[in-house]
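Participant: Handing you a structure now.
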Amino acid sequence: MLYFEKGSPALALGGEELKKAVFEAFDKLGPKKKVLAIPPDFTRYHSRAGELTQYAYEYYGDRLTDILPALGTHFPMTDAEIGRMFPGVPRSLFRVHNWRDEVVTVGVVPGGYVKEVSEGAVDYDWPAQVNRLLVEGGYDLILSLGQVVPHEVIGMASYNKNIFVGTGGAEGINKSHFVGAAYGMERIMGRAKTPVRLLLNYASTHFTAHLPLVYLQTVVSQGDDGLQMRGLFIGDDFECFEKAARLSIEVNFRMLDREMKKVVVYLDPEEFRSTWLGNKSIYRTRMAIADGGELIVLAPGLHRFGEDPTIDRLIRKYGYLHTPQVLDCVKRNEDLQNNLGVAAHLIHGTSEGRFRITYCPGSLTRGEIEGAGFHYADLEETLSRYHPGKLTDGWNVVNGEEVYYISNPALGLWAYKERFK
């Protein structure tokens, strides 16, 4: 059921209108005694889910007893990040999701179904896992808040991904990520119906239908009027997500008439501090970059590879290999077999040799960057040539050279129209 829907490419939802919409939707839900909110973490700061969480707190007061950021595999939010993303919301309400130890398996999707939807790419059972708070907390309302935007693992982010990945467990996250990588990232990105989404929808229907889940889905894009919320969709089923995804494709997907020869991507140091997140610069642009082209990643905040010590160690060990090499490493190495999400991430971070990837990190050394399989360039030297303050999103000419600039890869997906079929 939809409780609110409004969206269009020209819309710019302001704070008061947004607050009114949220309150009207909550009125329709009726009185609630105990509420859990599951917003994204700081890596989705621009989703405006923090603002929606503020309104939930304002509406429900002390009935909003817990806020569980959907960390997935990410590091916990710092007090400073919480204060900036959720101003006015008490710090005491926030809980930390432990994806390795604090989950329960609510059901298992059979391997036959996994094989069917992945077209034979994998055939293992998939455990649907969530943080135990969702099952044992005694809530009569669980709010899942997030931004629908093109995504490399599932096609379009948010909806029940916020639940089964954002609050999921190690096995569930690892195996779901590997399904997407084995099936083919370029067959997934920018599509609402994908093998991974079908697994999550199966789990929603069969294992969590009894949970009082309501989804608040935003669509945000950068335009001539700045960064704006183009849509808000509130509901308790797939229709809510489907409508948000349709709008996101309109406003977040840049379909280009010609390929990019050189791309410069800037990674905000407050949002991107690892290649685990920063590689959005690779997979959000890979369908638009020409063979033999170059991607230059300006990453002043980059100081690690993984968002988790184990993940970081494995990325350093194997590096971003080509897909056949990664799959071979999975067959031969138990540590990757036990961390299929890392294997998937390594696949996501390769150009398969089609184009050059040059990282310009704030802290990682040349040896670390090149050891992971990337090319290295000095940040300050590169910034002197391609400075974000002098570039505009889209095509630019720098010293006679044509460059395509992207100020935040998390906000979209870019593809050459002949490559996206």
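Participant: When Lys and Arg each count +1 and Asp and Glu each count -1, what net charge do the other residues less than 12 Å away from Ala245, Cβ to Cβ, add up to?
Facilitator: Once positives and negatives cancel, what remains is +3.
Participant: On a 0 to 90° scale, report how tilted helix 309-318 is relative to the longest principal axis of the chain, with both axes built from alpha carbons and the result rounded to the nearest 10.
Facilitator: 30
Participant: Which of the peptides 210-220, 143-153 is most tightly packed, and how do the rest follow, judged by the mean count of other Cβ atoms within 10 Å per residue? Please list the in-between numbers first.
Facilitator: Details: 210-220: 22.8, 143-153: 26.7.
Descending mean neighbour count gives 143-153, 210-220.
Participant: With the other protein chains left in place, how much accessible area per residue, in square angstrom, belongs to region 355-421 at a 1.4 angstrom probe?
Facilitator: 50
Participant: So between Asp66 and Asp291, what do we pick up on full extension, going 0.36 nm a residue minus the alpha carbon distance?
Facilitator: Full-extension gain reported as 76.1 nm.
Participant: Oh, and also: When the accessible area of the chain is split by element with a 1.4 Å probe, what percent falls to carbon and sulfur? If you can, show how the numbers build up before the last one.
Facilitator: Numbers: 7720 of 15960 Å².
In the chain, the share of accessible area belonging to carbon and sulfur is 48 percent.
Participant: As an exercise, identify the trypsin sites (Lys or Arg not before Pro) in region 177-259 lying in DSSP coil whose Cβ has no more than 14 other Cβ atoms within 10 Å.
Facilitator: Lys193, Arg258
Participant: Spelling out what I want: for every residue of region 132-145, take phi, set θ = phi - 60°, compute 6.51 cos²θ - 1.76 cosθ + 1.60 (Karplus), and round to whole Hz; glycine and proline get x.
Facilitator: 4, 4, 4, 8, 9, x, x, 7, 9, 7, 10, 9, 9, 10
Participant: Between the helical axis of 49-60 and the dominant principal axis of the chain, each derived from Cα atoms, what acute angle in degrees is found, rounded to the nearest 10?
Facilitator: Helix 49-60 sits at roughly 10 degrees to that axis.
Participant: Counting only DSSP beta bridges with both residues in the chain, tell me the antiparallel percent, nearest 5.
Facilitator: If I count the DSSP bridges inside the chain, around 40 percent turn out antiparallel.
Participant: Quick one: of the DSSP bridges fully inside region 1-143, what percent are antiparallel, nearest 5?
Facilitator: Antiparallel: roughly 45 percent of the beta bridges in region 1-143.
Participant: With a cap of 16 neighbouring Cβ atoms within 10 Å, and only residues DSSP puts in a loop, list the chymotrypsin sites (Phe, Trp or Tyr not before Pro) found in region 77-171.
Facilitator: Numbers: sites: Phe94, Trp99, Tyr113, Tyr124, Tyr139, Tyr159, Phe164; in loops: Trp99, Tyr124, Tyr139, Tyr159.
Qualifying residues, ordered by number: Tyr124.
Participant: Which value in nm describes the separation of the simple spin-label points at Thr105 and Asp378, placed 7 Å from the Cα toward the beta carbon?
Facilitator: Result for the modelled spin labels: 5.3 nm.
Participant: For Met260, which sequence-distant residues (separation of 5 or more, or a different chain) have an amide H within less than 5 Å of its own amide H, given hydrogens modelled in the peptide plane?
Facilitator: Ile289, Ala290
Participant: In a shell of Cβ-Cβ distance under 14 Å around Val326, excluding Val326 itself, what net charge do Lys and Arg (+1) and Asp and Glu (-1) give?
Facilitator: 0
Participant: For region 201-323, what does the alpha-carbon gyration tensor say about shape, rounded, prolate or oblate, given a ≥ b ≥ c as the root eigenvalues, a/c under 1.5 as rounded, and a/b over b/c as prolate?
Facilitator: Cα axes put region 201-323 in the oblate bin.
Participant: Related question: Based on the Kirkwood radius over alpha-carbon pairs, what is the Stokes-Einstein translational diffusion coefficient of region 312-421 at 25 °C with 0.890 mPa s viscosity, in µm²/s?
Facilitator: Answer, rounded: 151 µm²/s.
Participant: How high is the relative contact order of the chain, in percent, counting Cα pairs under 8 Å that sit 6 or more residues apart?
Facilitator: Across the chain, relative contact order equals 17 percent.
Participant: With +1 on the Cβ of every Lys and Arg and -1 on the Cβ of every Asp and Glu, and nothing else charged, how large is the dipole of the chain about its Cα centre, in debye rounded to the nearest 20?
Facilitator: Using only the charged Cβ atoms, the result is roughly 360 debye.
Participant: Report, by chain and number, residues whose modeled amide H sits under 5 Å from the one on Thr105, excluding near sequence neighbours (fewer than 5 apart, same chain).
Facilitator: Amide H neighbours of Thr105, under 5 Å, 5+ apart: none.
Participant: Once the Cα atoms of helix 170-183 and of the chain are each reduced to a long axis, what angle between those two axes, in degrees from 0 to 90 to the nearest 10, is obtained?
Facilitator: With both axes taken from Cα atoms, the answer is about 50 degrees.
Participant: Given C-alpha coordinates of region 1-124, what is the ratio Rg to Rh with the Kirkwood estimate of Rh? Show your work: numbers first, answer last.
Facilitator: Working: Rg = 18.0 Å, Rh = 17.1 Å.
Rg/Rh for region 1-124 comes to 1.05.
Participant: What ³J(HN,Hα) values, in whole Hz, does the Karplus curve 6.51 cos²θ - 1.76 cosθ + 1.60 give for region 73-79 when θ = phi - 60°, with x put for Gly and Pro?
Facilitator: Working through the residues one at a time gives 9, 6, 5, x, 5, 7, 4 Hz.
Participant: Quick check on my link table: of Lys6/Lys34; Lys161/Lys261; Lys6/Lys280, which ones sit more than 30 Å apart, alpha carbon to alpha carbon?
Facilitator: Lys161/Lys261
Participant: Under a 5 Å amide H to amide H cut-off, with H placed in plane at 1.01 Å, what residues pair with Val398 once short-range neighbours are removed?
Facilitator: Amide H to amide H, under 5 Å and 5 or more residues apart or across chains, Val398 pairs with Val403.
Participant: For the chain, what is the Kirkwood hydrodynamic radius in Å, using each pair of distinct C-alpha atoms? Walk me through the numbers on the way to the answer.
Facilitator: On the way: mean 1/r = 0.0460 Å⁻¹.
Final number for the Kirkwood radius of the chain is 21.7 Å.
Participant: Exactly which trypsin sites (Lys or Arg not before Pro) in region 288-380 are in a DSSP loop and have at most 15 other Cβ atoms within 10 Å? Mind showing how you got there, number by number?
Facilitator: Numbers: sites: Arg304, Arg313, Arg316, Lys317, Lys331, Arg332, Arg354, Arg356, Arg366; in loops: Arg354.
Taking region 288-380 and a limit of 15 other Cβ atoms within 10 Å, the loop trypsin sites (Lys or Arg not before Pro) found are Arg354.
Participant: Rounded, prolate or oblate: which fits region 1-65, taking a ≥ b ≥ c as square roots of the Cα gyration tensor eigenvalues, rounded meaning a/c under 1.5, else prolate when a/b beats b/c?
Facilitator: Cα axes put region 1-65 in the oblate bin.
Participant: Spelling out what I want: for every residue of region 355-368, take phi, set θ = phi - 60°, compute 6.51 cos²θ - 1.76 cosθ + 1.60 (Karplus), and round to whole Hz; glycine and proline get x.
Facilitator: Those phi angles translate into 9, 8, 10, 10, 9, 10, x, x, 10, 4, 7, 4, x, 5 Hz.
The values are calculated or read from the model by the stated rules, or taken from the named source; none is laboratory data. Nothing here was measured: the structure is a model prediction, and the numbers come from that model. Cβ coordinates were reconstructed from backbone atoms using ideal geometry, including for glycine residues, and neighbour counts include every protein chain displayed. Surface accessibility is based on the protein's heavy atoms, side chains included, excluding ligands, DNA and RNA. Shrake-Rupley method; radii C 1.70, N 1.55, O 1.52, S 1.80 Å.
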